[in-house]
Amino acid sequence: MSREWVPFGALAATVILIQLVTMFTNTQYYLTQLIMAALYSIVVIGLCLLMGYAGQISLGHAGFFAIGGYTAAVGTTLNLLPHRDHVLVRMAERAGLTIQTTNSWGVDILYFSPWITLLAALLLSGVISLLIGIPVLRLRGHYLAMATLGFGAIIYYILLGSRFLGEADGIYDVPGFGLPGGFTFDGARNNRVLSYYFVWALVIGLMVLMHNLVNSRPGRALRAIHGNEPAAMAMGVDTARYKLSLFVLSAVCAALGGVFMAHYNGGMGPTEAGTLKAVRYVAIVAVGGMASLWGTLGASVVLNFLSLRGYFGSLDDAVFGVVLITVMLVAPDGILRRLGMYTLRRNRDTAPDAFPVSAEKQVQRGTA
Amino acid sequence: MPSRFLRKSRCSVALLEVNDLFRSFGGLRAVDQVSFTVPNGMIKGIIGPNGAGKTTLFNLIAGSLVAESGTIFFDGRPVSGLPPHRIAARGIARTYQNVKIFRQMTVLENVMVGCHQRSRGGFLAGMLRLPFTVREERRVRARSLELLEMLGLPEVADQDASALAFGRQRSVELARALALEPRLILLDEPAAGLNIRETVQLAQTVRSIRDLGITVLIVEHDMSLIMDISDEIVVLDFGRKIAEGTAQQVRRDPEVIRVYLGDEDAEG
């Protein structure tokens, strides 16, 4: 095994260690927040690529998270029994794509398998992000931020205003996600440890995929776009297409997080689509250092864990707003990178040489 | 139809053909009805005073600007109006006057981006490290290291490219452009900011690029360099072409002497 995979091994070891510690100290309740923090991390890992590597800010990722969550919630709570004679329901049932059970109210229900709704959620978020991205990403600048801000607001009010989607209550009674081996991912206490391992395996898997992407041909093209867009185009990179692909990928990641959140919490409400949630995701990526997958994951787990444990009290949303402003003012490269530079600078006498301004920057400054 | 046939037969010699190209910025005629051809395998120089429209002409050929009128044919096919990445795919690479290096990427990675058009791997293949992308990656890496070797940069392959000295950044940019495996390379003032030793090396490098079978179009202020290496020279002034020919012809041209070389001759 090469050195490349050491951080992933370390993460897996940490995940296991934390579980063991909570077991021996009888503090297993911490796992609940760690599971939810992991689910939010899936969103910000995708957003980190978009912000850090394509240089685009999206304020619509809470919307995509909600699209994923609501698709899963609707698909798995819609009772198909009254429509059993419908040809599509019959086909789905025959293909084994439905599940029949008795819900907590003692009512017999037939619903779509969570695997089907998972696929539908990923597909739906992909198509919607494509429709937003195609016109917007042709333009240079922060038009995506504006368009997705509007998009997030639209989703929020649609969820809030649709009786079918539960209005302000959202959708509840969402069943667990049945996995191979008879194991179910849900919020039940006796499934907690397995749910914890499942969701962290998902995060580690996603980190591996994203790490591979960053170090592949398309990843290099994306970093080149961020490094110097005109030069990237002159080297044959179709910049608009790459930004679009990354936007879609990050939206699908957000939906993935949303799907499992709906199954874990047993429901989803419209606040998940709120602008404040979207700002929170952007703040986390900014703290993590934009183009740093590990920084973003670290920031996401710490901040989400503290928030979910209630340490920020009623100032929860304000904390993330202040964090975002502070990062932008003090350390636009991310807190972690700034700390790293600080320690480097203290350890070296030749501080200016350690961080030379590039020749290109000097030229740009001269001509600007 | 007959005219198209004619063009095709002519292009067996001309790799690049620029016809009546025009582009203005507000009231300024940056490139004004410029026409010239670049035969295959030639080093062609473009000179002119500051603001003569040389960089604008490059931007028009490379597609980062769109001409208001006129046509550009590359290898017998029209390229005017195509976006820059499509023009790059046709085989035109470029470097920049101000050096546009990819920040936060190593020297090797910068050059590997140049291989973008000559490789295939997409998002899914990259995420899953499919066997074919692993092989492709190995090939791209080897090819890029070869180019770094050629330009005397192998020892800085893993350094952050934007931290290099200016002259070496120029070499990285050149390696990156060559990684595209272009048929035509546009060099925009490659000697600007270089010291004398580096300039002498540059002349060698440009010749060796031509010897690889790559046609070179070069904009340069260093007169001795451009007179020395160019097979033919186009002289621009206020966006217009005022002369074209070999170094000797251009040097003797009364119009060129008046607007451009005059002072230099008087001093020398």
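Only the coordinates and a few stated rules stand behind these numbers; no lab work does. It should be emphasised that the depicted structure is a prediction, and the values quoted were computed from it without experimental measurement. Note that each Cβ is placed from the backbone with ideal geometry, even for glycine, and that neighbours are counted across all protein chains shown.
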>> Let me see the P(r) profile for the range A:150-272: every Cα-Cα distance counted, bins of 10 Å, each bin given as a percent of all pairs.
In response: 11, 29, 26, 23, 11, 1
> Mean shadow of the range A:33-333, computed from the convex hull of its alpha carbons, in nm²?
Replying inline: 16.7 nm²
>> Treating the range B:124-193 as a set of equal point scatterers at the Cα positions, no solvent, please give the Debye-formula log₁₀ I(q)/I(0) at q = 0.28 Å⁻¹.
In response: -1.23
>> Give me the one-decimal nm value for the distance between modelled label points at B:Met223 and B:Glu155, 7 Å along each residue's Cα-to-Cβ direction.
In response: 3.8 nm
> In the Gaussian network model of chain A, springs joining C-alpha atoms below 10 Å, which of A:Met261, A:Met51, A:Met23 carries the largest mean-square fluctuation?
Replying inline: A:Met23
>> For chain A, take the longest principal axis of its alpha carbons; what is the angle in degrees between that and the long axis of helix A:275-288, to the nearest 10 within 0 to 90?
In response: 40 degrees
>> Which order do the peptides B:45-52, A:87-94 come out in when sorted by mean C-beta neighbours inside 10 angstrom, highest first?
In response: B:45-52, A:87-94
>> Could you work out the relative contact order of the range B:104-181? I mean the mean sequence separation of Cα pairs under 8 Å and 6+ apart, divided by the number of residues, in percent.
In response: 55 percent
> Mind checking the mean number of beta-carbon atoms from other chains within 10 Å of the Cβ atoms in B:63-71?
Replying inline: 1
> Using unit Cβ charges (K, R positive; D, E negative) and no other charged atoms, how large, in debye to the nearest 20, is the dipole of the protein assembly as shown about its Cα centre?
Replying inline: 920 debye
> In terms of Cα to Cα distance under 20 Å, which aspartates and glutamates are near enough to A:Lys243, apart from those fewer than 8 places away along the same chain?
Replying inline: A:Glu229, B:Glu109
> Taking Cα pairs under 8 Å and at least six residues apart, what relative contact order does the range A:57-200 come out at, in percent?
Replying inline: 29 percent
> Under Stokes-Einstein, with the Kirkwood radius over Cα pairs standing in for Rh, what whole-number D in µm²/s applies to the protein assembly as shown at 37 °C and 0.692 mPa s?
Replying inline: 118 µm²/s
> Once whole DSSP H runs in chain B are found, which of them have Cα atoms spread over 27 Å or more along the helix axis and a mean Kyte-Doolittle score of at least -1.0?
Replying inline: B:131-150
> Could you give the angle, 0 to 90 degrees to the nearest 10, between helix A:335-347's Cα long axis and the longest principal axis of the Cα atoms of chain A?
Replying inline: 40 degrees
> Roughly how tilted is helix A:30-53, in degrees to the nearest 10 and between 0 and 90, from the longest Cα axis of chain A?
Replying inline: 50 degrees
> Which value results for Rg/Rh of chain B when Rg is the Cα radius of gyration and Rh the Kirkwood radius based on the inverse mean 1/r?
Replying inline: 0.99
> Once label points are set 7 Å from the Cα along Cα→Cβ at both A:Arg189 and A:Arg3, what is their separation, rounded to one decimal in nm?
Replying inline: 4.7 nm
> So how far apart, in nm, are the two label points at A:Ser314 and A:Tyr143 if each is 7 Å from Cα heading toward Cβ?
Replying inline: 4.3 nm
